[in-house]
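**Student:** Encoded as structure tokens, here's the structure I'll be asking about.
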Amino acid sequence: MINKERILDLFFNLVRIDSPSLQEKEVAVYLREKMEKRGYVVREDKAGELSGGNTGNLIVHIPATGEGDPIAFSAHMDCVQPCLGVEPVIEGDLVRSAGDTVLGGDDKAGIAIAIEALNHLEDESIAHPDIYFIFSICEESGMHGAKNMDTDLLPAKDIIVLDSGGAVGTVVTGAPAKAGITMTFTGKSAHAGIAPEEGISAIQIAAEAVSKMNLLRIDESTTANLGRIEGGSVTNIVTDSAILTAEARSLYDDSLDKQLKHMETCCADAVQKIGGEYKFEYEISYPALHVADDSAVLAKVEHACKNIGITPRRGPTGGGSDANILYGKGYNALALGIGMSKVHTTEEFITIESLTSCSELVAEIMKS
């Protein structure tokens, strides 16, 4: 049986350790000590050094006690702000934060679940193949841990990422690619009261462009959003520069490309109408995730669900995770719903039932 008190104790210890993105060292030290005390080899890569953080990803090897292909389980150590001084409380079956912070179940619940699943196998002397834990950094700030992971430290090709919402049994089989976008509009400054006709307002160009853009929900697989507008100073100067930052996501590369071209066309048309100049720049932050219907790791997960009486549910999500990056690196990656709710808000919570039942599921997946 999964030990409810043990997983809650571990989860509470983890969420009480401050770990905003790039500052995960204290969590890494805690996990390294816990794993090395049990005799496991823990390696740290250079992802922290490469991304400006204070620790790298931890990769833990649990040697096989039985047959089967190696398998890895991944969860990230960082949390979104506000995440300093988290104090978890129990209300009935719910675990939430006592104060004005997130809980940090995203993704310390994933870490606790993986470790408790392993504890269960050891308690019951259940055989398992080589298992690897990936405790990654900087997932919330751009998945820099996964992007900079030393793949030589991870011989397993099948990776299950314990970092998604949805009830236990949810299997994320699709997740969108994301493009980060910067649109820079350049006009011409002039005195707004004496000679406004000599100026070209960058804000006006931006407004014209945005007014023509298809945004938010584009179709069932594609979204786009403007996140920030910067520009201007005093009201008596015609603004000569405005910068918009945005994103676009899609499950399909051609749809993402179509949306990016549409947004740039709106910028070009605005300049044609009002004057000035524009620059449209974007970077693909992470690739789309597509898990094939005949995926062996998908079959393994669904078989494990059925073995413990859980009905598996496949489906896409609108958010990205380390699974996107790992899939793009050639791993057989998918993400599991672990029951966390209202993540990235101070109302975040997870049920004790989710923690224990997901631990049971992960232990079933781990078995030889």
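The values are calculated or read from the model by the stated rules, or taken from the named source; none is laboratory data. All of these numbers come straight from a predicted model, not from anything done at the bench. Glycine gets a Cβ as well: all are built from the backbone with ideal geometry, and neighbour counts include every protein chain shown.
**Student:** From the list LYS46, LYS34, which one is of a type in the set (Lys, Arg) and loosely packed, with under 15 Cβ neighbours inside 10 Å?
**Tutor:** Exactly one of LYS46, LYS34 is of a type in the set (Lys, Arg) and loosely packed, with under 15 Cβ neighbours inside 10 Å, namely LYS46.
**Student:** Residue check: is SER136 surrounded by fewer than 24 Cβ atoms within 10 Å (Cβ to Cβ), within 12 Å of HIS76 (Cβ to Cβ), of a type in the set (Ser, Thr, Tyr) and under 18 Å from the mean Cα position of the chain (by Cα)?
**Tutor:** So SER136 does not fit the description; no.
**Student:** Could you list, in sequence order, all residues of the range 177-228 that are part of a strand (DSSP E or B), touching a residue at least 12 places away in the same chain (Cβ under 8 Å) and loosely packed, with under 15 Cβ neighbours inside 10 Å?
**Tutor:** THR182, HIS191, ASP219, ASN225, GLY227, ARG228
**Student:** Any idea which of ASP253, ASP240 is in contact (Cβ under 8 Å) with a residue 24 or more places away in the chain, surrounded by 16 or more Cβ atoms within 10 Å (Cβ to Cβ) and not assigned by TED's automatic domain parsing to the domain that holds PRO316?
**Tutor:** None of the other options fit; the residue is ASP240.
**Student:** Take GLY66 and decide whether it is exposed (fewer than 15 other Cβ atoms within 10 Å of the Cβ) and free of Cβ contacts under 8 Å to residues at least 12 places away in the same chain.
**Tutor:** It is false that GLY66 is exposed (fewer than 15 other Cβ atoms within 10 Å of the Cβ) and free of Cβ contacts under 8 Å to residues at least 12 places away in the same chain.
**Student:** Still on this structure: Looking at the range 48-72 only, could you name the residues that are assigned to a loop (DSSP other than H, G, I, E, B), out of contact with any Leu (no Cβ under 7 Å at 6 or more places or on another chain) and closer than 13 Å to MET143 by Cα?
**Tutor:** Matches in the range 48-72: GLY56, ASN57.
**Student:** Let me ask something additional. Among the small types (Gly, Ala, Ser), surrounded by fewer than 23 Cβ atoms within 10 Å (Cβ to Cβ) and either in a helix (DSSP H, G or I) or free of Cβ contacts under 8 Å to residues at least 40 places away in the same chain (or both): which single residue out of ALA323, ALA304 fits that description?
**Tutor:** None of the other options fit; the residue is ALA304.
**Student:** Same structure again: Name the single residue that is surrounded by the most Cβ atoms within 10 Å (Cβ to Cβ) among those in the range 333-368 being under 17 Å from the mean Cα position of the chain (by Cα) and among the β-branched types (Val, Ile, Thr).
**Tutor:** ILE338
**Student:** I've got another one for you. Which one of these is over 30 Å from ASP293 (Cβ atoms), modelled with pLDDT of 95 or more and of a type outside the set (A, V, I, L, M): GLY169, GLY227?
**Tutor:** From the options GLY169, GLY227, the qualifying one is GLY227.
**Student:** Right, another one. Would you confirm whether or not the range 36-48 contains a residue that is within 24 Å of VAL343 (Cα to Cα) and touching a residue at least 60 places away in the same chain (Cβ under 8 Å)?
**Tutor:** Looking through the range 36-48, none of the residues is within 24 Å of VAL343 (Cα to Cα) and touching a residue at least 60 places away in the same chain (Cβ under 8 Å).
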